[in-house]
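Here's the structure, in structure tokens; my notes come after.
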Amino acid sequence: MARGSDTAPAEATPVREMGRGTRTLLLVLALAALIAAPFYVYPVFLMTLLCFGLFAAAFNLLLGYTGLLSFGHAAFFGGAAYFTAHAAKVWGWPPEFALLLGVIGAAGLGVVMGAIAIRRQGIYFAMITLALSQMFFFACLQMPFTHGEDGIQSVPRGRLFGLIDLNQTLNMYFFVLAVFLLGLLIIWRFVNSPFGMILKAIRENEQRAVSLGYAVPAFKLGAFVMSAALAGLAGGLKALVLQFATLTDVAWQMSGEVILMTLIGGIGTMLGPILGSSIVIALQQRLATSDFPVTIITGLVFMVCVLLFRRGLIGELAHSRIGRAMGLRPPG
Amino acid sequence: MTMIFGIPIQAFLGQLLVGLINGSFYALLSLGLAVIFGLLRVINFAHGAQYMLGAFVAFLGLKHLGIPYWAALVVAPLVVGAFGALIERTMLSRLYNLDPLYGLLFTFGLALTLEGTMRWYYGASGQPYSAPAALTGAIKLPFMVLPIYRAWVIVASLVVCLAVWALIEKTRLGATLRAATENPSLVQSFGINVPMLLTLTYALGAGLAALAGVLAAPIYQVSPLMGSNIIIVVFAVVVVGGMGSILGAIVTGYLLGVAEGLTKVFYPEASNIVIFVIMAIVLILRPAGLFGKEG
């Protein structure tokens, strides 16, 4: 999504140098907090946060760095959850292979959906991805292996590499944390690679990228499949954490939720989607026990974000003086 | 029993009728989307919610105020249209200079809020709304039984679609609208109030959705979720038709409704997804849509 031309001017070098040290410190602190967290907070809640954080980060890879708004990411997240759950439960695969199957399945779906959707741009792209994911939803509703309305229940977590028992909550937590960090590392590497630079060029000015001789459709499809595969990683992981895969994961509401997570946190920032997903999940958990529909809050937050702060929390912070001193880079 | 393509003609005609009914709603809704998109460059995700609100205005109007069906056909579009105008004036109009995706996201949030609110008050289950006495019953045709209400929906939606088409393509107001689509600043310099035109257009689109909602109320149950199920299909219809042409939106709506109905006869398992499959095929063969212009 193209942002306004009001991005901050490049900051002076001394600020940047100071920021880099602070940033490393903050990263180390964040990592320490993540390692200590399960001893203080309910681990399953933390694992859910990590799964959705990875999902939103994968989605942001497409929206924030390629400028493509997918309204169908639930298909990859929920599809992978089904594949992983089925492999682990029915075929008795070990968790690492079940997860891998989820990722490959999501990537495969991404190839098909992406190849069709990238034929149009902008809002058409959004509508097409929404329609295709709804088609996948109906397919899931009818295919026998998903068990329709019941979903796949009591998925075994199994033993990682045949050695580590993931039914031990702490083992599972550190496995999820490792996968989460690996996923983020892949995204960070991808965004800052030459491939990622070309994606940003396409986002800023597609026509110019074409005239420079880049095969724009191939790059878009590459980004789409990458994003789908990582969303699949998050979905498969979620199936192992919560031990079920249901239609909720493939429904269009899930696609909307991941957009909201990214929007609240900040489109095109590394940390924004993670922060945004934590806020949304925490809000849902809080309202889960009351009969007040979460969608009212979700919808209102959506409207407020779009009207008043389109940069999101991290985006706004990065534009402020404090954010720059902390070494946060304005999105772009 | 007469057979056609190996199935009884009654079943065939019955599903054709169901297809035409669904097609009537697809046509009315995609027409509204196309009208709004044409001028505002906004994909109105709240269109499904406005359709649902139309049905609810009819339902609540009858229950609490005794507003009969015929009056609801006028009242519901006015109420929902006015509500749409309010939203456009206060919020949506702030997003015109931004990427169109923000308009989509804003109306998505609006749809969630409206749906959630209605669900909070009325629960997720459907409420029955009965058709007026004049439209109940059925006509016995030599080859099938035709419920009067269904025939009325098809005729009414055809008339409304053609009226809107004529309004936009054949009248002076429509000419102004089309001119404002092409070049808003030039039209404004002629002394025409373009922001007002935008508000009216959004209200018209929302009103059309509400009208479809009232027409749908006796056929489907009135439920807070009735809009979100249909809007995604209508998006696919709009992608197939291309949003460049009003007539294209109408024709595609009916065609895809019929295609869906006939799929129910021949291969019922695929009837939920046939429109999406058609969309995928059209995108591969003709990315701009059946009636769309490239670009």
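Numbers below:
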quantity	calculated
Positions within region A:35-53 being closer than 24 Å to A:LEU263 by Cβ and of a type outside the set (S, T, N, Q), in sequence order	A:PHE45, A:LEU46, A:MET47, A:LEU49, A:LEU50, A:CYS51, A:PHE52, A:GLY53
Candidates B:ALA175, B:ALA111, B:ALA156, filtered to the one that is under 20 Å from the mean Cα position of the chain (by Cα), more than 14 Å from chain A (Cβ to nearest Cβ) and either among the aliphatic types (A, V, I, L, M) or in a loop (DSSP other than H, G, I, E, B) (or both)	B:ALA156
Set B:VAL274, B:VAL265: member being surrounded by fewer than 24 Cβ atoms within 10 Å (Cβ to Cβ), aliphatic (A, V, I, L, M) and without any contact (Cβ under 8 Å) to a residue 40 or more places away in the chain	B:VAL274
Within region A:129-143, tally of residues that are within 7 Å of chain B (Cβ to nearest Cβ), buried (at least 24 other Cβ atoms within 10 Å of the Cβ) and either more than 12 Å from A:MET254 (Cβ to Cβ) or among the charged types (D, E, K, R) (or both)	2
Any chance A:THR48 is buried (at least 24 other Cβ atoms within 10 Å of the Cβ) and touching a residue at least 24 places away in the same chain (Cβ under 8 Å)	no
Hits in region B:24-80 - residues which are free of Cβ contacts under 8 Å to residues at least 12 places away in the same chain and in a helix (DSSP H, G or I)	B:LEU60, B:LYS63, B:HIS64, B:LEU65, B:ALA71, B:VAL74
Lone unmet requirement of (1) within 13 Å of chain B (Cβ to nearest Cβ); (2) under 29 Å from A:LEU199 (Cβ atoms); (3) among the hydrophobic types (A, V, I, L, M, F, W, C); (4) touching a helix residue (DSSP H, G or I) at 6+ places or on another chain (Cβ under 8 Å) for A:MET270	(1)
Checking A:GLY92 against (1) more than 14 Å from every other protein chain (Cβ to nearest Cβ); (2) in a loop (DSSP other than H, G, I, E, B); (3) buried (at least 24 other Cβ atoms within 10 Å of the Cβ); (4) of a type outside the set (S, T, N, Q), the condition it does not meet	(3)
Matching option when the condition is away from every other protein chain (no Cβ under 14 Å), at pLDDT 90 or above and within 17 Å of A:LEU247 (Cβ to Cβ), among A:GLY110, A:GLY151, A:GLY78, A:GLY72	A:GLY78
Odd one out for B:ALA124, checked against (1) within 14 Å of chain A (Cβ to nearest Cβ); (2) in a strand (DSSP E or B); (3) not polar (S, T, N, Q)	(2)
Some residue of region B:76-86 being within 14 Å of chain A (Cβ to nearest Cβ), surrounded by fewer than 23 Cβ atoms within 10 Å (Cβ to Cβ) and more than 24 Å from A:ALA126 (Cβ to Cβ)	yes
In region B:81-108, the residues that are among the aromatic types (Phe, Trp, Tyr) and part of a helix (DSSP H, G or I)	B:PHE83, B:TYR102, B:PHE106, B:PHE108
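The values are calculated or read from the model by the stated rules, or taken from the named source; none is laboratory data. Since we're looking at a predicted model, the values are computed, not measured. Quick reminder, even Gly has a Cβ in these numbers, built from the backbone with ideal geometry, and neighbours come from all protein chains shown.
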